[in-house]
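The values are calculated or read from the model by the stated rules, or taken from the named source; none is laboratory data. Only a predicted model underlies this, so the values are computations on that prediction, with no experimental measurement involved. Please note: Cβ atoms are built from the backbone with ideal geometry, for glycine as well, and neighbour counts cover all protein chains shown. Note: accessible area is taken over every heavy atom of the protein model, side chains too, but ligands, DNA and RNA are not part of it. Shrake-Rupley method; radii C 1.70, N 1.55, O 1.52, S 1.80 Å.
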Amino acid sequence: MLKVTIVTQENSEKYWKETFSDVWEGPVEISIQTDSKTIGEPASIKETDLVILEFSGNHENSHNTLNAIAPNLVGKHFLIVSDTKDADIAIEGIKLGAVGFLVKPFKRSELISSLDRLNTAPRASAVTRRTAKIIAFTSYKGGTGVSTAAVNLSYSLAHIYEKKTLIIDSAGFSNHITVLLNVIPKCTLADICRQGTNLDEEYLTNAVNTVGKNLSIIGGLMKTSDLNDMNMQSLEHLLDIASEVYDYIIIDTSTHLLDEMTMLFIQKATDVLLLTTFDLLAIRDNRFFINTLKEIGIPEYKIKPVINRQNWYIGSLEPELIQKQINHPIFHSLPNDWELCVESANYGRPVLEVSPNSSLATSFNILASKFTKSDIPHREDAENTKEKESVPEDKKAKKKGLLNWF
């Protein structure tokens, strides 16, 4: 819960609620402080994570207000907002340690940049340390593209946005992640669980296999006897250690059931991406699944339905109708490119590598941008200047090696 206190002379609660809903993942508690007599009192901003001093329409008193409240801003994160460019108040705010000075109408990215400083700017009372975002992919119905989406989002975060990313295959014994990335894992979830609470950062970084410098992989279960080694305490410890090492943890979970392991990952997730298609059975099943997740206590804001294979059928349902049927906002839609997905799977390469300029690859990058809250980076990579028409022979040969493993 992010607690924000707005010090203002305007009735702007609605404006700030709408603004934060567009830039902050998770619940936000906004309180408005308009009584100038109590603005300087410690109690008015005692229990808050961020103080926003809004001087819009209050230019004559802005300096007096800032001087009055300054003693109570010590050890607090605060942001100054105005509807005019006031260099004096901006300089004074910076001297006091403001995380930013924004002029209305400011851009969404400008506010995000200021909020990012909440994790790095010094303050007297300790803030929660930055930990990885945990994104769990799931679906009640199989065949909706959960593993493919998990792989390509991970690849985009790691290689396009250059975020340190860990992908965990917890989808039973399928190990689809390792096939889609053409990587033989160094360790599995069972290996991790055997370490118990002895697992540390050094073991984890040496146990994972990597794709490039930013994407690491933990494989799924290999044999039925691995089930004997699985325990939730060890998995929870894994997430704690990995959260200190990685920016993002992507988890490919099992479909159909809410088994103990899947339930743990969903509960620990920052976001739950629920894949559905235009298939009426998938819509029906996922509507049930969403309601079930809500009933067992998963916050509604964490559940983010993603439509896969949009336009899969001619005359298919519109996304708005699917949204109405599942009674939950649609977070993202992925276009249908079945042939590209098959080609990508056959060669064990992400869609973003096989055809980086395709609409599907672009959509995965846009999906990643919704988590990084930044624009798609401009990459001067020769491979990204045109689509690949085929995969080199050496990649095909490597694929044979992986098949031998299976």
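Summary table
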item	result
FRET efficiency, 1/(1 + (r/R0)^6) with R0 25 Å, evaluated for Leu258 and Thr131 via beta carbons	0.55
Point-charge dipole on Cβ atoms (K/R +1, D/E -1) for segment 68-108, about Cα centre, debye to 20	240
Computed FRET value (nearest 0.05) for Lys14 with Val342, which takes r as the C-beta separation and R₀ as 41 Å	0.25
Sorted peptide list for 78-85, 204-211, criterion being average Cβ within 10 angstrom, highest first	78-85, 204-211
Computed accessible area, Glu92, all protein chains, 1.4 angstrom probe, square angstrom	60
FRET efficiency estimate (nearest 0.05) - Cβ-Cβ, Ser31 to Thr205, R0 41 angstrom	0.45
Accessible heavy-atom area order of Arg108, Arg284, highest first, probe of 1.4 Å	Arg284, Arg108
Rounded accessible area of Cys341 (nearest 10 Å², 1.4 Å probe)	40
Beta bridge orientation in segment 100-242: antiparallel %, DSSP, nearest 5	40
Heavy-atom SASA rank of Lys294, Lys304, Lys164 (probe 1.4 Å, accessible area, largest first)	Lys164, Lys294, Lys304
Sequence ranges 216-226, 95-105, ranked by mean other-Cβ count within 10 angstrom, highest first	216-226, 95-105
Probe 1.4 Å - accessible area at His237, Å² to nearest ten	40
q = 0.16, 0.18, 0.22, 0.24 Å⁻¹: log10 I(q)/I(0) that the Debye formula gives for segment 67-114, counting C-alpha atoms only	-0.44, -0.55, -0.79, -0.91
D_trans [Stokes-Einstein, Kirkwood Rh over alpha-carbon pairs] for segment 159-287, 10 °C, 1.306 mPa s, µm² s⁻¹	103
Probe 1.4 Å, all protein chains present, accessible-area order of Trp16, Trp24, largest first	Trp24, Trp16
Ordering of 352-358, 270-276, 296-302 by packing [mean C-beta count within 10 Å, highest first]	270-276, 352-358, 296-302
Share of carbon and sulfur in the accessible heavy-atom surface of segment 130-263 [1.4 Å probe, %]	45
